[in-house]
Structures are given as C-alpha cells and as structure tokens.
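Engineer: Just passing along the structure, written as structure tokens.
The values are calculated or read from the model by the stated rules, or taken from the named source; none is laboratory data. Quick caveat: nothing in here was measured; it's all calculated off a predicted structure. Here the Cβ positions follow ideal geometry from the backbone for every residue, glycine too, while neighbour counts run over all protein chains shown. The accessibility values were calculated without ligands, DNA or RNA, using every heavy atom of the protein model including side chains. Shrake-Rupley method; radii C 1.70, N 1.55, O 1.52, S 1.80 Å.
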Amino acid sequence: MRRRQSFVMVRRPVSRVARAYRRGMARSPFAPSFWRSPLRGPWLTSVLGVVLLGGITLLFVTGLLSYAAYNPDLSPVNDKTPDKGVLGFYLFSWPTDPHWLYRLNQGVHVTLGITLIPVLLAKLWSVVPKLFTLPPARSLAHALERISLLLLVGGALFEFVTGVLNVQLDYLFPGSFYPLHFYGAWVFFTAFVAHAVLKMPLAWRSLRQLREEKTELVSPDPARPTVSRRGALWFVGSGSLLLFATTVGQNFDGVLRRTALLAPHGGSDPASGPGGFQINKTAAYAGIDPGETSEEAWRLVVVGRAGRTVRLGRAELLQLPLYSSALPIACVEGWSTSDQWWRGVRLRDLAALVGYEDDPPDVFVESLQRHGAFRRAALRANQVADPRSLLALSVNGEDLTPDHGHPARIIVPAAPGVLNTKWVARLTFGDL
C-alpha cells in the first residue's frame, strides 16, 4: 500500500531587521498614514493653486518687463544675463511714457512676490505627501508628472529665496543674481504651466464639489481637526496681508514709507532737505574720490559724430540752456521715490553739441564709480530724445549731493534707477 505524501507550508520567521524596517516605513513620510492633517485635500490645494496661478503669472510678466527695461534690444552694456538666445524674444526699446512705468512695474513685482510667500508655503505644505509617494514612478506619464513637480517645487523655492535676498540687499548665492534669477524663472514657469495644464480639470472639479474627493492628498487616518479649511485660508490670507502692509509702503514717501518694515529703505528718509530722499549706492561705497568731483578737477567728456569731442566743466554746463523734469527714482529692489524736481541739460542738446542736431542716437554713459554694478550703461535713442531726459546738475532747487551723483548724473523717464547713472564722467553718442 502506497503511503500518501503530505506537503506542509512552513512559514519562515521574519527577521528582526525586516520587522524594524516595516515599522520604520509605517512611521516614515513614505507611509500615507504619516500625513494625518484633515485639512489636506483637493479643495484646499485647488484654492491655493488658483491664487498662485494668477499671482505667479503676473510675477513672471513683470519680471520679464523688468529685464526689458534693463537691456532694451539686448544692449551688451546693460545685459547682465548673456546668451539669452530665443529667450530674449520679448526685449524692445523701453519706452519713456508714462514716466512712472518702471516704478509701477517693479513695485508690483516685489510687493506681490513678498505677499505671495504665505500662499506658496501653504501650497507646498498641502501637496508635500505627493513628494514621498512610492513607487517613484508607476508609468512614463507618472514619471513626467513627478519630474515636473520637483522642478516646480525646487524652482519656486529658488526664485522666491533669491528674490527676497536681492530685495534685502543681502544676496548670498554664488554667481550673479541676474542670470540665476532669469534662467531659474524660465525653468520654474515652464514647470508651473505644465502643472497647471495637468491639474486644472481636477482643481475646477474640486472647487465645485461640496465634499472632498478621495485622492492621495487625503489622509487615510486623519487626526482630529483643530481648524476648518476656511480657517486655514484666513490664516494664510492674514499672513499675506501682513507682509503686504509691511512692504507696500516702500513705494511711497512720508508716513507710509515708515510702515515698510520688511522692505529696503523702509524707515525714515535718509536725510532732510532737498536731497533727503532714498539712495542705493553712496559715494563712499562707489569709491568716489572727492578730489575728482571738485569744481576745478571734474570735466565731462562728450564724444559724438566722427569722434568730435567737447569737454565741459560744471560752470560751462550751467551756461547752457537748463530744463526741469519731475521724475522718480525706482530701483529693482522695489523701492521708489515720489517725483523729484531735477534741473540740468537735456541729453539731446548735448548730442547736438557733438554733431547730432536732428536725430539724437544712443548714448554710452561712463561713471567715476569704482565699485558695484552698472559703472557703465547704455540708453537708447528714444530715451535720449525725450525732452525730460537730463544730465542733472541739481535736484529740488539745490546742487546734487555727493550721494545723489554730484557733480552730474543722468535722469531718464521710466528707467530703472541703476541706468540713471551718477557721477557721470563721459558720454559717447552713436549707435551701440
């Protein structure tokens, strides 16, 4: 008689290492149960995303316009971001009207960027579980979505951090701010657009539904709520409102400027009297030697058609026809002044002295400045031709102070502050 064979399944004991690993994974960010906030979900994420969709788009546009103001038509002198290639498609000769154009553009750019910080942080908090989902890629489409998400998060943090550091005049990143911020903005915005296109249908559906849709953002084991989703939005909105209130005043004078606690030049005016308005670089910082700017030593060199050259001291400049212009100073960091009354010689009249009587061309401006960027700058023909564009000798009824560019400085409508060159030593008129 044949003996029936029986087979018994023998379970191998699980090692301590494996059990410890499983327990560790269950308590790690890679486990869905790790994220227990009941606030996370498509509705909150969608509301924050819609706010960022409009805000970041406006930030991107105003940022590109700021670069256009700095280097119209890719002037090699002003261009601090070389090799733009096709990314320079938007550049044009920056207009001079309205005269407050750059003041408005950069005020919006910086103030909005700072105001959006709480919204951005809340948005990143709301989607952070997606950064830890396993497996990293379930399909090619999922892998592309994860890559775009990493570029989006990394790009957002990079752009906002570098922007804030530059605004606070405490830029710490290696390399120049201009190319890093410019190329970083393109990477970030490309990922932002791709993410918005992919997620807009879900965001729209989530905003219309009363109940939270079950997705990977919703915790499988939510903790007890301590605040509602709308309460969380009020908290984020209050943070943005606080940052707005402590930033926007940098664009105004008087009492409002003193409210700009988190913005550069946000305190009281740096001095009193006609020259008591904001500056970026002092004469000492720029390395200006007082001996070079004295009445006896300083001469303005003006070069024009066929090398024609004239040299003018301040006394000779004061004998030329003088004109006044009411123009602000607006800086890339977002701060600006109200209109100041400048008086001096029109740039187009100086061009006429060296052979350009009818159609003034571009001008290449050189300063006595030894330290800092924009020791040289280019202005386009439309800026030179504007009757409000001056080689200013005085402001608000008195001679320029050393910190405001004595003995002479450029002032041009709607131009960034750094293109209103101070301590001018030489003007070369001609096509650049």
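Engineer: When the solvent-accessible surface of protein heavy atoms is calculated with a 1.4 angstrom probe, in what order do Val395, Val310 fall, highest first?
Structural biologist: Descending accessible area places them as Val310, Val395.
Engineer: Evaluate E = 1/(1 + (r/R0)^6) for Asp97 and Asp359, where r is the Cβ-Cβ distance and R0 equals 22 Å; express this FRET efficiency to the nearest 0.05.
Structural biologist: It comes to 0.70.
Engineer: Semi-axes, largest first, in whole Å: what does sqrt of 5 times each Cα gyration tensor eigenvalue give for the stretch 388-427?
Structural biologist: 15, 12, 9
Engineer: Does the stretch 276-432 come out rounded, prolate or oblate, given a ≥ b ≥ c as the square roots of the eigenvalues of its C-alpha gyration tensor, rounded meaning a/c under 1.5 and, failing that, prolate meaning a/b above b/c?
Structural biologist: Verdict is rounded for the stretch 276-432.
Engineer: Let me check I have the definition right: for the stretch 242-357, take the eigenvalues of the Cα gyration tensor, multiply each by 5, take square roots. What are those semi-axes in whole Å, largest first?
Structural biologist: Those come to 36, 17, 13 Å.
Engineer: Here's a follow-up. Relative to the Cα centre, what is the charge dipole magnitude of the stretch 82-154, using +1 at the beta carbon of each Lys and Arg, -1 at the beta carbon of each Asp and Glu, and rounding to the nearest 20 debye?
Structural biologist: That gives the stretch 82-154 a dipole magnitude of about 280 debye.
Engineer: Label Leu144 and Leu58 with points 7 Å out from Cα along Cα→Cβ: what is the distance between them in nm?
Structural biologist: Taking the simple label geometry, Leu144 and Leu58 are separated by 3.2 nm.
Engineer: Would you mind working out the accessible area per residue for the stretch 245-358, using a 1.4 Å probe, and quoting it in Å²?
Structural biologist: Per residue, the stretch 245-358 has an accessible area of 46 Å².
Engineer: Give me log10 I(q)/I(0) at q = 0.10, 0.15, 0.19 Å⁻¹ for the stretch 34-153, Debye formula, one equal scatterer per alpha-carbon, no solvent.
Structural biologist: Log10 I(q)/I(0), no solvent term: -0.49, -0.86, -1.06.
Engineer: Let me ask something additional. Hey, what's the per residue convex hull volume over the C-alpha atoms of the chain, in cubic angstrom?
Structural biologist: 212 Å³
Engineer: Suppose every K and R has +1 on its Cβ and every D and E has -1 on its Cβ; what is the size of the dipole of the chain about the Cα centre, in Debye to the nearest 20?
Structural biologist: Taking the Cα centre of the chain as origin, the dipole is about 4340 debye.
Engineer: When the scattering of the stretch 360-425 is computed by the Debye formula from its Cα atoms alone, each counted once and equally, what is log10 I(q)/I(0) at q = 0.13, 0.23 Å⁻¹?
Structural biologist: These q points yield log10 I(q)/I(0) values of -0.32, -0.99.
Engineer: To the nearest 20 Debye, how big is the dipole of the stretch 245-359 about its Cα centre, given +1 on the beta carbon of each Lys and Arg and -1 on that of each Asp and Glu?
Structural biologist: 60 debye
Engineer: Out of Leu116, Val128, Asn78, whose Cα points farthest toward the positive end of the dipole of the stretch 77-183 (charges: +1 Lys, Arg; -1 Asp, Glu; placed on Cβ)?
Structural biologist: Val128
Engineer: Could you tell me, in Å, what Rg and Dmax come out for the Cα atoms of the stretch 30-73?
Structural biologist: 18.1, 55
Engineer: Points 7 angstrom from Cα along the Cβ direction at Val187 and Thr133: gap in nanometres?
Structural biologist: That separation, rounded to one decimal, is 2.4 nm.
Engineer: Rounded to whole Hz and in sequence order, give me ³J(HN,Hα) for the stretch 96-104 from the Karplus expression 6.51 cos²θ - 1.76 cosθ + 1.60, θ = phi - 60°, writing x for Gly and Pro.
Structural biologist: 9, 10, x, 5, 9, 4, 5, 4, 5
Engineer: Return the calculated 222 nm mean residue ellipticity for the chain, to the nearest 500 deg cm²/dmol, obtained by summing -39500 (n - 2.57) across DSSP H runs with n ≥ 4 and dividing by the residue count.
Structural biologist: Value at 222 nm, helices only, nearest 500: -12500 deg cm²/dmol.
Engineer: Put +1 on the Cβ of every Lys and Arg and -1 on every Asp and Glu Cβ in the stretch 86-193; which of Pro98, Val161, Ala143 then has its Cα farthest towards the positive end of the dipole?
Structural biologist: Ala143
Engineer: I've got another one for you. Solvent-accessible area of Glu292, probe 1.4 Å, all protein chains present, reported in Å² to the nearest ten, please.
Structural biologist: 60 Å²
Engineer: Could I ask something else about it? Could you calculate, for the stretch 154-203, the ratio of the Cα radius of gyration to the Kirkwood radius, expressed as Rg to Rh?
Structural biologist: 1.12
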